[in-house]
1. Given the conditions (1) in contact (Cβ under 8 Å) with a residue 40 or more places away in the chain; (2) farther than 27 Å from G184 by Cβ; (3) of a type in the set (K, R), which single one is not true for K66?
2. What are the residues in the stretch 1-33 that are among the polar types (S, T, N, Q) and modelled with pLDDT of 90 or more, if any?
3. May I ask you to list the residues in the stretch 61-72 that are among the aliphatic types (A, V, I, L, M) and over 18 Å from I19 (Cβ atoms)?
4. How about the stretch 1-23: which of its residues are open to solvent by less than 30 Å² (accessible area, probe 1.4 Å) and either β-branched (V, I, T) or more than 20 Å from P166 (Cβ to Cβ) (or both)?
5. Please state which one of I72, I82 is surrounded by 18 or more Cβ atoms within 10 Å (Cβ to Cβ), more than 18 Å from the chain's Cα centre (by Cα) and within 22 Å of P28 (Cα to Cα).
6. Yes or no: the stretch 114-133 includes at least one residue that is within 22 Å of the chain's Cα centre (by Cα) and either open to solvent by 80 Å² or more (accessible area, probe 1.4 Å) or more than 18 Å from P28 (Cα to Cα) (or both).
7. Is it the case, given these coordinates, that S101 is open to solvent by 40 Å² or more (accessible area, probe 1.4 Å), out of contact with any Asp or Glu (no Cβ under 6 Å at 6 or more places or on another chain), under 27 Å from K188 (Cβ atoms) and among the small types (G, A, S)?
8. If you take just the helices (runs of 4 or more DSSP H) that sit entirely in the stretch 17-113, which of them hold at least 3 residues that are among the aliphatic types (A, V, I, L, M)?
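The values are calculated or read from the model by the stated rules, or taken from the named source; none is laboratory data. Note that the structure is a prediction, hence the values are computed from the model and not measured. Quick reminder, even Gly has a Cβ in these numbers, built from the backbone with ideal geometry, and neighbours come from all protein chains shown. In case anyone asks, the SASA skips ligands and DNA or RNA and just uses the protein heavy atoms, side chains included. Shrake-Rupley method; radii C 1.70, N 1.55, O 1.52, S 1.80 Å.
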Amino acid sequence: MFFFSDHELVFIFGLLGNIVAFLVFLAPLPTFYTIYKNKSSEGFQSIPYVVALLSALLLLYYGFLKSHAILIITINSIGCVIEITYLILYVIYAPRKQKISTMAMLAIFDVGGFGLTMIISVFAFKGIDRVHAVGWVCAVFNIAVFAAPLSIMRRVIKTKSVEFMPFSLSFFLTLTATMWFFYGFFSKDYFIMLPNVLGFMFGVAQMGLYMAYKNADKNIESKCELPEWKATVSDINSGNHGCDLKAKDIDLQPHTSHLQLNV
């Protein structure tokens, strides 16, 4: 700003964007450690990694078309390698049905969708128009990706539980969007800047929801801890204590005041 030129600021925010985005790419490592340890990916979905790979491929192609975009190329090259590694592990340990569906999605979206984008951009556009066409594809796709957490946010509001929306991931996604917004702003790359405005807004909204509902699970749990012998079958069935439990699901033992669920 006052002490750096626009060119220096582009490098600074691009470098910071690379670092934070790399950490976000590594976020699923515990998931894949679990898959490797259990030798099964059953119960996990491959869609996020298929989408992330397509996003990285599109931005990588955009980086090669655009001049002075080495920082876009570096992080998306790394992203492609990481996402392909995740998907290989997923397919190796997936049940047959999930193997087929994942391979089908890869063929349709990552091979077909990306290939079609390349073919159309090469034969239908030339020069700067090709850069702009691919830039628009990247921008629209990234806006759709940033909007995807709306379903999770809706679930948080409905269930009053943040179990499926960890604060750390929301924080790092917001930080990533901030870095790339300023990269786009100072490099005057609106195809990078505009989607990250939306990414920042959704990230802040997710963190706000997390702060609003982070204690909801504890409150519900505390309501489910009843004083010794104060809970009767009629209390439980009538829902007087705020718990959605039935008598058949509960084993009240003489030595404890807590409800023991027979799952």
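1. Unmet condition: (2).
2. First, the residues of the stretch 1-33 that are among the polar types (S, T, N, Q): 5, 18, 31.
If the condition is that a residue be among the polar types (S, T, N, Q) and modelled with pLDDT of 90 or more, then N18 is the only one that fits.
3. If the condition is that a residue be among the aliphatic types (A, V, I, L, M) and over 18 Å from I19 (Cβ atoms), then L65 is the only one that fits.
4. First pass over the stretch 1-23, keeping only residues open to solvent by less than 30 Å² (accessible area, probe 1.4 Å): 9-10, 13-14, 17-18, 20-21.
L9, V10, F13, G14, G17, N18, V20 - these are the residues of the stretch 1-23 that are open to solvent by less than 30 Å² (accessible area, probe 1.4 Å) and either β-branched (V, I, T) or more than 20 Å from P166 (Cβ to Cβ) (or both).
5. Working: I82 fails: more than 18 Å from the chain's Cα centre (by Cα).
Just one listed residue meets the conditions, I72.
6. Initially, the stretch 114-133 is screened for residues within 22 Å of the chain's Cα centre (by Cα), giving 114.
Within this subset, residues satisfying the condition of being either open to solvent by 80 Å² or more (accessible area, probe 1.4 Å) or more than 18 Å from P28 (Cα to Cα) (or both) are 114.
Within the stretch 114-133, one or more residues are within 22 Å of the chain's Cα centre (by Cα) and either open to solvent by 80 Å² or more (accessible area, probe 1.4 Å) or more than 18 Å from P28 (Cα to Cα) (or both).
7. Details: open to solvent by 40 Å² or more (accessible area, probe 1.4 Å): yes; out of contact with any Asp or Glu (no Cβ under 6 Å at 6 or more places or on another chain): yes; under 27 Å from K188 (Cβ atoms): no; among the small types (G, A, S): yes.
It is false that S101 is open to solvent by 40 Å² or more (accessible area, probe 1.4 Å), out of contact with any Asp or Glu (no Cβ under 6 Å at 6 or more places or on another chain), under 27 Å from K188 (Cβ atoms) and among the small types (G, A, S).
8. On the way: elements: 29-38, 47-65, 70-93, 96-105.
Hits in the stretch 17-113: 47-65, 70-93, 96-105.
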